[in-house]
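For reference, the structure discussed in these notes is given below.
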Amino acid sequence: MSDKDTDLSAKAKASAMASLAMREHSVLELKHKLLRKDFPEDIVLSLLDDLQQQNLLSNERFAEVYWRQRAGKGFGPIKISHELQQKGLDDKLIECGLLESEVDFYEVIEQVYKKKYAGKPYRDVKEKAKRQGFLFRRGFSTDYIKTVLD
């Protein structure tokens, strides 16, 4: 490996570690971040492998943390699952992350609903539909929505 490659590897690792120090990242997220900084792909791929072997980068850990963080911001399982797919995680990892995070989405939707509507009952079918739409866009399924609207 040339001095230039060694220098680039060190800079790529420093950049990756700085990103990971701020928050967990998926492998795909970190790969894209490093490639956008114009690090060569072979250096990035090698670095990602090293970071995973050292357990500094983990899609499993990322999924678990992401489930908790997004649920804490009032988002439902459909939306969170879709976001994780966009971040390069497969369905098995997404499901495992959900189970490991131990998020109670019945509690989450209850909190979201109370915060938004402050316990005020809806007046008519149109307002009920509007509330359903809000909760659906937040990523909650009909089963969850029924628990707060019925």
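Of the residues that make up segment 130-139, is at least one outside any helix (DSSP H, G or I) and open to solvent by less than 70 Å² (accessible area, probe 1.4 Å)?
yes
Residue by residue, here is whether (1) modelled with pLDDT of 95 or more; (2) in contact with a Leu (Cβ under 9 Å, 6 or more places away or on another chain); (3) under 26 Å from Leu30 (Cβ atoms) holds:
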{"residue": "Ala71", "(1), (2), (3)": "yes, no, yes"}
{"residue": "His82", "(1), (2), (3)": "yes, no, yes"}
{"residue": "Lys92", "(1), (2), (3)": "yes, no, yes"}
{"residue": "Val103", "(1), (2), (3)": "yes, no, yes"}
{"residue": "Gln111", "(1), (2), (3)": "yes, no, no"}
{"residue": "Tyr117", "(1), (2), (3)": "no, no, no"}
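In this structure, is Glu64 in contact with a Cys (Cβ under 9 Å, 6 or more places away or on another chain), modelled with pLDDT of 95 or more and in a helix (DSSP H, G or I)?
Details: in contact with a Cys (Cβ under 9 Å, 6 or more places away or on another chain): yes; modelled with pLDDT of 95 or more: yes; in a helix (DSSP H, G or I): yes.
It is true that Glu64 is in contact with a Cys (Cβ under 9 Å, 6 or more places away or on another chain), modelled with pLDDT of 95 or more and in a helix (DSSP H, G or I).
For Lys79, indicate whether it is out of contact with any helix residue (DSSP H, G or I) (no Cβ under 9 Å at 6 or more places or on another chain), touching a residue at least 24 places away in the same chain (Cβ under 8 Å) and among the charged types (D, E, K, R).
Considered against the rule, which asks whether it is out of contact with any helix residue (DSSP H, G or I) (no Cβ under 9 Å at 6 or more places or on another chain), touching a residue at least 24 places away in the same chain (Cβ under 8 Å) and among the charged types (D, E, K, R), Lys79 comes out as no.
Assess whether Phe105 counts as being more than 17 Å from Tyr144 (Cβ to Cβ), touching a residue at least 12 places away in the same chain (Cβ under 8 Å) and among the aromatic types (Phe, Trp, Tyr). Let's see the steps before the verdict.
Details: more than 17 Å from Tyr144 (Cβ to Cβ): no; touching a residue at least 12 places away in the same chain (Cβ under 8 Å): yes; among the aromatic types (Phe, Trp, Tyr): yes.
No: the conditions fail for Phe105.
Looking at segment 45-63 only, could you name the residues that are open to solvent by less than 30 Å² (accessible area, probe 1.4 Å) and over 19 Å from Ile94 (Cα atoms)?
Leu47, Leu48, Leu51
Look at segment 29-39 and say how many of its residues are touching a residue at least 12 places away in the same chain (Cβ under 8 Å) and exposed (fewer than 15 other Cβ atoms within 10 Å of the Cβ). Write out each step before concluding.
Looking only at segment 29-39, we keep the residues that are touching a residue at least 12 places away in the same chain (Cβ under 8 Å), and these are 29-31, 33-34, 37, 39.
So of that shortlist, the ones also exposed (fewer than 15 other Cβ atoms within 10 Å of the Cβ) come out as 37.
Qualifying residue count, segment 29-39: 1.
Taking segment 101-129 only, how many residues are within 30 Å of Arg61 (Cβ to Cβ), open to solvent by 40 Å² or more (accessible area, probe 1.4 Å) and not in a helix (DSSP H, G or I)?
The qualifying residues number 2.
Can you say whether Leu89 is within 30 Å of Phe136 (Cα to Cα), open to solvent by less than 30 Å² (accessible area, probe 1.4 Å) and either of a type in the set (Gly, Ala, Ser) or in a loop (DSSP other than H, G, I, E, B) (or both), as far as the supplied structure shows?
When the stated conditions are applied, Leu89 passes them.
When segment 1-59 is examined, which residues are found to be in contact with a Ser or Thr (Cβ under 7 Å, 6 or more places away or on another chain) and outside any helix (DSSP H, G or I)?
Listed by number, the residues that qualify are His25, Lys37.
The values are calculated or read from the model by the stated rules, or taken from the named source; none is laboratory data. Bear in mind that the values here come from a model prediction, so they are computed numbers and not experimental data. Positions of Cβ are backbone-derived with ideal geometry, glycine not excepted, and every protein chain shown enters the neighbour counts. Accessible surface areas use protein heavy atoms only, side chains included; no ligands, DNA or RNA. Shrake-Rupley method; radii C 1.70, N 1.55, O 1.52, S 1.80 Å.
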